[in-house]
Amino acid sequence: MNDVMSLGISIDHDAVSAFCRRHYRARLALFGSVLRDDFGPQSDVDVLVEFQAGHVPGLAFVSMERDLSGLLEGRRVDMVTPKFLNPRILRIADYFRCRCSSNHACIRLMRSSR
């Protein structure tokens, strides 16, 4: 599934997959304006992340946002975990999340009916 072709930014799947493995991410999904027509040059990228069991990033969470920003054309990245995501958005995300692995990109898009 090559959903990222419809985005207004380019994404290097291999680099993002390596990022996920390096930071023990089990799942990663994009949501928000990056998936809509109103995504513009000043827009940030909203990212839902889940970490592998036993891996809690703590203060490293902030540096991970910076690292991911570098992979997403320097856009500001707002990462959230399921615990802090609106339940309505989380229900949509349940369908679109994917597992990060060494053989495929870990990005999925979460389109909502807005």
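Coordinate-derived values only; no laboratory data. Owing to the predicted nature of the structure, the values given are computational and were not obtained by experimental measurement. Backbone-built Cβ (ideal geometry, glycine too); neighbour counts: all protein chains shown.
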Query raised in the report: How many residues, within the range 18-39, are part of a loop (DSSP other than H, G, I, E, B) and free of Cβ contacts under 8 Å to residues at least 12 places away in the same chain?
Result: 2
Query raised in the report: Considering the range 25-34 alone, what residues qualify as being surrounded by fewer than 19 Cβ atoms within 10 Å (Cβ to Cβ) and among the hydrophobic types (A, V, I, L, M, F, W, C)?
Result: Ala26
